[in-house]
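Structure record follows, encoded as structure tokens.
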Amino acid sequence: MAASFFSAFKAPSRSGSAWFSVGLASSFPDITESGSTAISQRLPCKSSSVPGCKVFRVSRNDSSSATEVPLDDVQDPELGGLKDQVLVFQYKGKFHAVNNECPHASYPLSNGTPFDIEDFGINLSSGLTCPKHGWSFDLFRGNGDRGNYRLAVWEVQLRPVTSNTAIACTESTSEDDPVEEVWVRRKQRMG
């Protein structure tokens with residue numbers, strides 16, 4: 001009887017919140033211009049150019065079945081539209097993962113522009129502006145600049161990779177510069 005009492009306090013399994021890989025860290029170009037570069041814009045990567053972000057469709061029940069969505073198809077209703085999409089990109093050396101759907105206007109944030117949130121010249125945070133109405137959201141907390149709209153922010157981890165078989169944007173592969181993979185999951189709710 002004691003075992004059943006304690007099992008009531010065990011957190012339910014959240015299979016939709018498992019970590020999944022979105023690619024090598026070096027396969028994401030680093031967006032360095034504040035407020036001038038759309039995330040989906042193609043940026044230099046070795047001898048070619050690649051989009052500055054990746055979008056994945058992630059089932060709420062099974063995040064291990066995440067699939068990359070071509071940027072041209074993010075709003076395709078046959079592919080589910082913007083529901084359950086995560087946008088992953090690198091801005092000024094930091095990786096971010098947020099819902100791709102603007103919480104205010106249901107517009108793809110992959111068309112948005114990252115920017116620095118500053119006060120008296122001191123960089124406090126980073127944000128993302130939705131191009132549809134110009135609303136902005138903090139990339140760390142999800143707070144909107146107007147109203148009570150909140151952008152869902154995902155957790156991001158960089159993990160070391162043992163093999164160097166994938167194509168990367170950076171030329172360096174020295175031991176001082178380890179190859180890392182970007183892993184993402186839905187932010188865990190406390191309580």
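The values are calculated or read from the model by the stated rules, or taken from the named source; none is laboratory data. Quantities reported herein were computed from a predicted structural model and do not represent experimental measurements. With ideal geometry, Cβ positions are generated from the backbone for all residues, glycine too; neighbour counts draw on all protein chains shown. The area values use the complete protein model at the heavy-atom level, side chains included, leaving out ligands, DNA and RNA. Shrake-Rupley method; radii C 1.70, N 1.55, O 1.52, S 1.80 Å.
Some notes on this structure:
- Looking only at residues of the stretch 69-107 that are without any contact (Cβ under 8 Å) to a residue 24 or more places away in the chain and under 14 Å from the mean Cα position of the chain (by Cα), we find that the one that is farthest from Trp19 (Cα to Cα) is Glu101.
- Qualifying residue in the stretch 94-102 (condition: modelled with pLDDT under 95 and basic (Lys, Arg)): no
- Some residue of the stretch 114-124 being open to solvent by less than 50 Å² (accessible area, probe 1.4 Å), at pLDDT 90 or above and either among the small types (Gly, Ala, Ser) or under 17 Å from Gly81 (Cβ atoms) (or both): no
- When the stretch 126-142 is filtered for residues that are among the aromatic types (Phe, Trp, Tyr) and surrounded by fewer than 19 Cβ atoms within 10 Å (Cβ to Cβ), only Phe140 remains.
- The requirement of being more than 14 Å from Val184 (Cβ to Cβ), open to solvent by less than 30 Å² (accessible area, probe 1.4 Å) and aliphatic (A, V, I, L, M) is not satisfied by Ala25.
- Residue check for Glu33: over 23 Å from Gly142 (Cα atoms), not in a strand (DSSP E or B) and not hydrophobic (A, V, I, L, M, F, W, C): no
- Candidate set: the stretch 40-56, residues that are part of a strand (DSSP E or B) and either within 12 Å of Arg185 (Cα to Cα) or among the small types (Gly, Ala, Ser) (or both); chosen: the one least open to solvent (accessible area, probe 1.4 Å): Phe56
- Among the residues of the stretch 16-30, those identified as touching a Gly at 6+ places or on another chain (Cβ under 8 Å) and part of a loop (DSSP other than H, G, I, E, B) are Phe28, Pro29.
- Hey, Ser63 in contact (Cβ under 8 Å) with a residue 60 or more places away in the chain and among the hydroxyl-bearing types (Ser, Thr, Tyr) or not: yes
- Condition broken by Ala11, with the remaining ones in (1) at pLDDT 85 or above; (2) among the aliphatic types (A, V, I, L, M); (3) part of a loop (DSSP other than H, G, I, E, B) satisfied: (1)
- The numbered conditions (1) open to solvent by 60 Å² or more (accessible area, probe 1.4 Å); (2) modelled with pLDDT under 75 are all true for Ser163 except (1).
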